[in-house]
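The values are calculated or read from the model by the stated rules, or taken from the named source; none is laboratory data. Treat the numbers as computed from the prediction; the structure is a model and nothing was measured. For neighbour counting, all protein chains shown are included, and Cβ atoms are generated from backbone atoms with ideal geometry for every residue, glycine included.
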């Protein structure tokens, strides 16, 4: 019987091999890299469309594509990409071909800003849902604070994404907390992507090539966070010519230099940004300006080298730092210093013409030190995180309607958090945190995954996969099986319905404080006492394009449940000796909503509008009497409108408007008097009836900018200069930063005081490129 | 150059933030009652009964006392009807109301409390089975750091009652006058005038004997009133039961949360009286007094 089974197995394998061979003999594979003709920068997500089969593929995150087609007398291909001139190829070949494509930038006669190309219908045709590729050109044009172009601010205008409070870090996706977003720069995790009290990000736009946000239907390749993956790629560097660009604004100055090391084969890019107000003010204002002093910098560097046609090596480095002293409203003062440093070494290799691999070695460091005073109390916090990771990913494209991905990642985490909070001593000497004495906590995280995207029929595509994460810390191992599936069904050429189901697990957690108005959050990992967070998300969407993809629209509904969410127990006051795991409460959350999105890609007026209606609640047995309560960032309504209008060849006007419901906070319902009999307490206590039972006022803000761009020739080289005049918060709305309660000392009437951060802020900045 | 810096200053001043009073809607709130009663052997029972009010409501505390409740404390052999009474508070220069009984509390007896107010009955029970402790000695420190900040401290030393879980609270009987401060604020009661008044000062926190079974315990207590060298106080340690401890412990933690913005708010949990009231009906056993003289 055993031998019979072996025989059957052998025959089956032989049959499969024969079929594959037969299929191979009948097909031709074309593969190669798609790049910008001028800079040789690889293009991510470029479309390669076969006119023979009416099917296509897209280039991966390194610009590589592989397409297998039935043999024919002539093979027709159309290669297209956002903002580039499409190319048409007619090939008469009878064997596999390595075909690298160089695309030229498309410039319209009217100088229109092209957000997306005409025939780009990836949002409808791709099986993937919940993915938004953020257009870099929009990032360069939309107004932001003090003229600083910022990718993090732009993603907060996307449906399902919410900003944190002004002056704090983080963004919130589909009801998830700030720690549930994985932010990667060239595959290295960035734990805190913000500068200047969260007002703009650590990412220098001049160094960034592409950015995509996935908020649902997560491919099996991604994991470790429940709510979103923000994948950012740095530019590789111009392999043909040297290029310098930079700018100066009210906050900072930046400079980017890129160019070839060996023309066509290797290049570099170096990009830096630094604030300068601290340098200028030092001789005149020793203690900072009105109690505010600030210093930031970030630095990106990358080298890439192609030793052969099948190999590509990348070395990336990023470091960023903030140091700030803030003396704001009478209730709040703080001193904060934090920084990220990452380095990545990556090697791409082609095995034949269908198998692409990437192997990466990644190291990142993050630290945050915060000392803050609010009223008569102070808090000091230090968080340190070191990660060392190794990962490898394979993409196998055996046939046109199959794309198989598989891979593995391992990360060694070292975390060292320390917190203390107490009343300010009369002597003024506060407890300090000695970083070297904070106990380090070590853990191991790894994951395996495999997925396949199949075009089952002309109308139906399915992407299904499995991810198996494993986490080990303090003698405890957690392992899971995460199924992932998304499906797309085309109703017609411009319309599709998509659905997805995903399970995610997360092993690093940011424990948020519900009361403090500052980032007093602490990072910890899972352990025997702290179970991993997990989520299950269902999503369904209708995607429809109009006018030859000039207008993209979508409606998505989602439902997400989250378990093992983490908050501090009531009354938690942390000292240096506190075991953080003993003061945590665990619960669940659920979020559901509907997201509307419309984007106009062409014409003088471009931009998008998004509206999200959602609700997110949590439930913890130890909090709020075990009853359900709103998530702090449960914003019922979230509306964003961005627009760019090309006034003339040189002048561009842009505006963005955002409006969202206020976040939730906790107000006492009543007051209780307990006779104090001469104790230090005044006998008045609060009767809290429910958590997060009040709301800050609605937030809304309008930003505008005018930019004037001109090109001239200097010594035969094209020199481009741009003046940007912008106004942040045009009508100076006093949007709430936080609310605190106090009692009028004279009338004894309880009062609520609202602190606002940013009024109208005009600015001017100058940018150049040559 | 200085002008440029000044221009940039103007920009940075935008980040200074601003603050204003706002009107916040009062969350829905149903008034409850607050009940405080600690039985002590050999003492007639006293009980405090207050109404709670919505947070943004202003009301004189004296008007919050419930004067028309029917309060009874009974055991298997007797029923004591507590009557409305008052004592004069020289610090506040006003009367403090309370309900006071007539029958002395006996040891090792189970007592039932019943309060009828506005058609609702509030009830609880407690058993007088606590043993008082003996204070060994009293020390003092002029600087001690804890979560309440840095302060001076009176340090009573006493031995824990072994083989049971115990809870403790500090109190001091002393004399104060108009030259002294209460919680950092000068006493300003016209009813004291140039004289002095005897007060009962209680420690803000309550303590348990976790990991200290039968050992000597020391507490560091920040005085609520200021003092002079040579001021005399009579220190006692209360042994309290769990319901009393739980009630005052959550008040202590909640007050910390009110004062310290980095502490999570504390919801007062459902106690003996269910959702209808907060408070306690518990037992206190006081130690004998030990004299303490404030040093230099």
- Query: at pLDDT 95 or above and more than 28 Å from residue A:273 (Cα to Cα): does that describe residue A:408?
  - Reply: yes
- Message: Checking residue A:622 against (1) out of contact with any helix residue (DSSP H, G or I) (no Cβ under 8 Å at 6 or more places or on another chain); (2) assigned to a loop (DSSP other than H, G, I, E, B); (3) within 14 Å of chain B (Cβ to nearest Cβ); (4) buried (at least 19 other Cβ atoms within 10 Å of the Cβ): exactly one of these is not met. Which one?
- Response: (4)
- Task: Mind checking which strands (runs of 3 or more DSSP E) fall wholly inside the range A:519-603 and carry at least 1 residues that are more than 30 Å from residue A:367 (Cα to Cα)?
- Result: A:533-546, A:551-568, A:584-600
- Query: For the range A:585-599, does any single residue satisfy the condition of being more than 23 Å from the chain's Cα centre (by Cα) and surrounded by 22 or more Cβ atoms within 10 Å (Cβ to Cβ)?
  - Reply: no
- Item | Flag for residue B:136 being within 23 Å of residue B:41 (Cβ to Cβ) and buried (at least 17 other Cβ atoms within 10 Å of the Cβ) | no
- Of the numbered conditions (1) within 13 Å of chain A (Cβ to nearest Cβ); (2) touching a residue at least 40 places away in the same chain (Cβ under 8 Å); (3) more than 29 Å from residue B:120 (Cα to Cα); (4) touching a strand residue (DSSP E or B) at 6+ places or on another chain (Cβ under 6 Å), residue B:244 fails exactly one; give the number of that condition. (3)
- Query: Only one of (1) assigned to a strand (DSSP E or B); (2) facing chain B (nearest Cβ under 9 Å); (3) without any contact (Cβ under 8 Å) to a residue 60 or more places away in the chain fails for residue A:755. Which number is that?
  - Reply: (3)
- Among the residues of the range A:730-747, which ones are loosely packed, with under 11 Cβ neighbours inside 10 Å and more than 10 Å from chain B (Cβ to nearest Cβ)? A:731, A:745, A:746
- Residues satisfying the stated conditions in the range A:521-567, i.e. at pLDDT 90 or above and within 14 Å of another protein chain (Cβ to nearest Cβ): A:566, A:567
- Item | Positions within the range B:149-181 being in contact with a helix residue (DSSP H, G or I) (Cβ under 8 Å, 6 or more places away or on another chain) and within 14 Å of chain A (Cβ to nearest Cβ), in sequence order | B:169
- Task: For residue A:605, state whether it is surrounded by fewer than 20 Cβ atoms within 10 Å (Cβ to Cβ) and within 17 Å of residue A:161 (Cα to Cα).
- Result: no
- Query: Among the residues of the range A:506-514, is any within 14 Å of chain B (Cβ to nearest Cβ), surrounded by 18 or more Cβ atoms within 10 Å (Cβ to Cβ) and in a strand (DSSP E or B)?
  - Reply: yes
- Yes or no: residue A:645 in a helix (DSSP H, G or I) and surrounded by fewer than 20 Cβ atoms within 10 Å (Cβ to Cβ)? no
- Task: Identify the residue in the range A:671-702 that is more than 7 Å from chain B (Cβ to nearest Cβ), assigned to a loop (DSSP other than H, G, I, E, B) and within 21 Å of residue A:625 (Cα to Cα) and, among all such residues, is farthest from the chain's Cα centre (by Cα).
- Result: A:690
- In this structure, is residue A:132 in contact with a strand residue (DSSP E or B) (Cβ under 8 Å, 6 or more places away or on another chain), modelled with pLDDT of 85 or more and not in a loop (DSSP other than H, G, I, E, B)? no
- Query: If you take the residues of the range A:648-670 that are in a loop (DSSP other than H, G, I, E, B) and within 8 Å of chain B (Cβ to nearest Cβ), which of them is farthest from residue B:57 (Cα to Cα)?
  - Reply: A:666
- Query: How many residues are surrounded by 15 or more Cβ atoms within 10 Å (Cβ to Cβ), closer than 24 Å to residue B:255 by Cβ and more than 10 Å from chain A (Cβ to nearest Cβ) if we restrict to the range B:182-207?
  - Reply: 4
- Do you know which residues across the range B:228-241 are in contact with a strand residue (DSSP E or B) (Cβ under 8 Å, 6 or more places away or on another chain) and either closer than 18 Å to residue B:285 by Cα or surrounded by fewer than 19 Cβ atoms within 10 Å (Cβ to Cβ) (or both)? B:230, B:231, B:232, B:234, B:235, B:236, B:237, B:238, B:239, B:240, B:241
- Query: Does residue B:271 satisfy the criteria of being within 12 Å of chain A (Cβ to nearest Cβ) and within 20 Å of the chain's Cα centre (by Cα)?
  - Reply: no
- Message: From the list B:256, B:210, exactly one residue is within 11 Å of chain A (Cβ to nearest Cβ) and either in contact with a helix residue (DSSP H, G or I) (Cβ under 9 Å, 6 or more places away or on another chain) or outside any strand (DSSP E or B) (or both). Which is it?
- Response: B:256
- For the range A:45-56, what are the residues that are surrounded by fewer than 22 Cβ atoms within 10 Å (Cβ to Cβ) and either farther than 15 Å from residue A:88 by Cβ or touching a residue at least 24 places away in the same chain (Cβ under 8 Å) (or both)? A:45, A:49, A:50, A:51, A:52, A:53, A:54, A:55
- Note on the structure: Those residues of the range A:376-417 which are buried (at least 17 other Cβ atoms within 10 Å of the Cβ), over 27 Å from the mean Cα position of the chain (by Cα) and either free of Cβ contacts under 8 Å to residues at least 24 places away in the same chain or within 14 Å of chain B (Cβ to nearest Cβ) (or both) amount to A:377, A:378, A:379, A:380
